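Working notes for the structure below.
The values are calculated or read from the model by the stated rules, or taken from the named source; none is laboratory data. No experiment lies behind these values; they were computed from the predicted model shown. Heads up, the Cβs are rebuilt from the backbone with ideal geometry, glycines too, and the neighbour counts pull from every protein chain shown.
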Amino acid sequence: MAGITAKLVKDLRDKTGAGMMDCKKALGASEGDINKAIEWLRQKGIASAEKKSGRVAAEGAIGSYIHTGSRVGVLLELNCETDFVARGEIFQGLLRDIAMQVAACPNVEYVTVDDIPNEIAEKEKAVEMGRDDLAGKPDQIKTKIVEGRIAKRLKELALIEQPFIRDSSITVGQLVKQVAGQIGENLKVRRFTRYTLGEGIDVEETDFAAEVASMSS
């Protein structure tokens, strides 16, 4: 993205209300042309979605997805501003897609990075600080490396940071922004629950060979 300055990114952000990373991506796709970048953001629905992100989304729906074989199931709450939108085909399609995404990402436990409890981050920090490959490095460098690793690890736990399973060029968060721009309302993934068949059940394993041997003795 040579030639794309911080000022250019800021100007685009001020004009559209889009996030910094979205602005950088738009300028990169538009070769630094701010007018083309604005159009790119509008086509993606990102600019209008950002402007609506502060509005209250108290309506919505709870959707479900049961994976083939009925071994994994997901319940997910997606919020919008009106019941009319919640009943619409576009909203319901997004709800199904995100629920399917949760089923496909067993390591994802939270909606956003901000939802992750601080103790989880501290635990990850303790693990990373003790890794052998950091031994002997100056504290300043070690801290920077650990911060980068923790940020990456926390993103792996957050749903909206995951590459969308139907289009890996965008994240789930970007997908939500695009659909929000398309339908003209603020959208928010509020919570989800994943169910895995047999999870948490202690299954007693039977040694059939030993059992047969004992019966024949």
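Before moving on, here are some points about what is shown:
- Residue within the stretch 106-126 that is touching a Gly at 6+ places or on another chain (Cβ under 6 Å) and not polar (S, T, N, Q) present: no
- Residues of the stretch 86-102 that turn out to be within 12 Å of A61 (Cβ to Cβ) and crowded, with 21+ Cβ neighbours inside 10 Å, as a count: 5
- When restricted to residues that are part of a helix (DSSP H, G or I) and either among the polar types (S, T, N, Q) or touching a residue at least 24 places away in the same chain (Cβ under 8 Å) (or both), the stretch 83-127 contains 24.
- Scanning the stretch 175-217 for residues that are polar (S, T, N, Q) and at pLDDT 90 or above yields T193, T196.
- Candidate set: the stretch 140-158, residues that are closer than 14 Å to V108 by Cα and out of contact with any Phe, Trp or Tyr (no Cβ under 7 Å at 6 or more places or on another chain); chosen: the one surrounded by the fewest Cβ atoms within 10 Å (Cβ to Cβ): K152
- Residue match in the stretch 119-133 (condition: β-branched (V, I, T), surrounded by 15 or more Cβ atoms within 10 Å (Cβ to Cβ) and under 29 Å from I183 (Cβ atoms)): no
- Once the stretch 50-79 is narrowed to residues that are touching an Asp or Glu at 6+ places or on another chain (Cβ under 9 Å) and more than 21 Å from Y110 (Cβ to Cβ), the residue that is modelled with the lowest pLDDT is K52.
- A Cβ distance below 9 Å, combined with a sequence gap of six or more or placement on separate chains, defines the contacts here; from the stretch 28-41, residues that are modelled with pLDDT of 85 or more reach residues that are of a type in the set (S, T, Y) and loosely packed, with under 15 Cβ neighbours inside 10 Å in the pairs G32/T5.
- Filtering the stretch 132-146 for residues that are among the small types (G, A, S) and assigned by TED's automatic domain parsing to the domain that holds G69 leaves an empty set.
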